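Here's the structure, in structure tokens; my notes come after.
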Amino acid sequence: MWILFAVGSAFFAGATSVLAKAGIQSVSSNFATAFRTGVVLIFSWLMVFVVGCQNAVSTITPQALVFLALSGAATGLSWLCYFKALSIGNLSKVVAVDKSSTFLTILLALIFFREPFRWLTGLGIAVMIAGTALMLEKGDAKKGERGWLFYAAGSAVFAALQSILGKVGVQDMDSTLATALRTVVVLIFAWAIVLGKKEGGDWKKMTRRDALLLVLSGITTGASWLCYYRALQLGRASQVVSIDKLSVVITLVLAFVFLHEPFTAKSMVGCALIAAGTLFMVL
């Protein structure tokens, strides 16, 4: 079952990226992050009551709360970096760099969870690195001076930390409740950034179209999280993260269809290598 949940997480994450990119045309990336996090919060707590696990709040240990809070903070930082990169750069390239968090997550899982490292895992990492490199063009290093590459890399680092901290936090509790609790932390963190940068007035600039896209992005994010943390609870972190990163393939296809971003032969090869690398790590 963990594989099905991980695939579901990848699909919804891919849809999230496209919706989010399309929905930040009239507002700042920080405001967009905070706005959609509010939608995720509503969605995640709705699922808590649907599942009926709200009474389990009283049984949560202090250790679990600490790790969920840290995971939420890492998620907030990852999202702020990710949305900033999206507002500057090409979606397909931002996603490719962001999903390199897979390598760091696997390394951290080896260190902290003593998860087994097989030769297929090493091969998968090498293939995914090659695929990510092919997704970037020669001129991207220069473009990185304008920020997108820096923010995309930051998103990857914090996403890896989020996965490891989240894995610890959901060990002894319902994954749906864990998702809802950490979303509270993300929301507080995101709005603190918005208010600190005095971007709260962006709601006046937001068009109905952007609002709708960000709401849909929040819903797909909530669905992705619910699937992701259920998969983490059932499976090994390194394998769950590997399948989840297939979202980069889904994102590239959706970006080509709906955002009309270029999909060159080089990008197709890179995309295929990322998918192949994922398969190697799951086998």
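Give me the net charge of THR121's neighbourhood, meaning all other residues with Cβ under 13 Å from the Cβ of THR121; Lys, Arg count +1, Asp, Glu -1.
Overall, the nearby charge balance is +1.
Order the peptides 217-224, 174-181 from the highest to the lowest mean number of other Cβ atoms within 10 Å of their residues.
Top to bottom by mean Cβ count within 10 Å: 174-181, 217-224.
Excluding ligands and nucleic acids, what accessible area in Å² is computed for THR121 using a 1.4 Å probe, to the nearest 10?
10 Å²
So between ILE111 and MET1, what do we pick up on full extension, going 0.36 nm a residue minus the alpha carbon distance?
Extra length from ILE111 to MET1 when fully extended: 37.0 nm.
Leaving out ligands, DNA and RNA, what percent of the accessible area of the chain is carbon and sulfur, probe 1.4 Å?
C and S fraction of accessible area: 71 percent.
With runs of 4+ DSSP H residues as the only contributors, calculate the mean residue ellipticity of the chain at 222 nm using -39,500 (n - 2.57) per run, divided by the residue total and rounded to the nearest 500.
-26500 deg cm²/dmol
For segment 1-127, what mean projected area does the convex hull of the alpha carbons give, in nm²?
10.0 nm²
Determine, at each q value in 0.18 (inverse angstroms), the log₁₀ of I(q)/I(0) that the Debye formula gives when each Cα of segment 206-277 is one equal point scatterer.
Log-scaled intensity ratios, in q order: -0.89.
Test of understanding: in a Gaussian network model of the chain with alpha carbons linked when under 10 Å, which of THR75, THR183, THR207 would top the mean-square fluctuation ranking?
THR207
Exactly which chymotrypsin sites (Phe, Trp or Tyr not before Pro) in segment 192-265 are in a DSSP loop and have at most 15 other Cβ atoms within 10 Å?
PHE263
Quick one: accessible area per residue over segment 15-125, 1.4 Å probe, rounded to a whole number of Å²?
I get 40 Å² per residue for segment 15-125.
For segment 235-278 and segment 109-139, what is the centre-to-centre distance using only Cα atoms, to the nearest Å?
14 Å
Take the residue pairs LYS21/LYS93; LYS93/LYS198; LYS99/LYS205; LYS99/LYS197; LYS99/LYS167; LYS167/LYS198 and return only those whose Cα atoms are more than 24 Å apart.
LYS93/LYS198; LYS99/LYS205; LYS99/LYS197; LYS167/LYS198
Sort all Cα-Cα distances of segment 92-140 into consecutive 10 angstrom bins from zero, then give the percent of pairs in each bin up to the one containing the longest distance.
It works out to 25, 46, 23, 6, in whole percents.
Taking only the C-alpha atoms, wrap a convex hull around the chain and report its volume per residue in Å³ as a whole number.
In the chain, the Cα convex hull volume per residue is 121 Å³.
Roughly how many Å² is the accessible area per residue of segment 206-279, as a whole number, for a 1.4 Å probe?
That works out to 41 Å² for each residue.
The values are calculated or read from the model by the stated rules, or taken from the named source; none is laboratory data. What you see is a predicted model, and the numbers here were worked out from it, not measured in a lab. In this analysis, Cβ positions are derived from the backbone assuming ideal geometry, glycine residues included, and neighbour counts consider all displayed protein chains. Note: accessible area is taken over every heavy atom of the protein model, side chains too, but ligands, DNA and RNA are not part of it. Shrake-Rupley method; radii C 1.70, N 1.55, O 1.52, S 1.80 Å.
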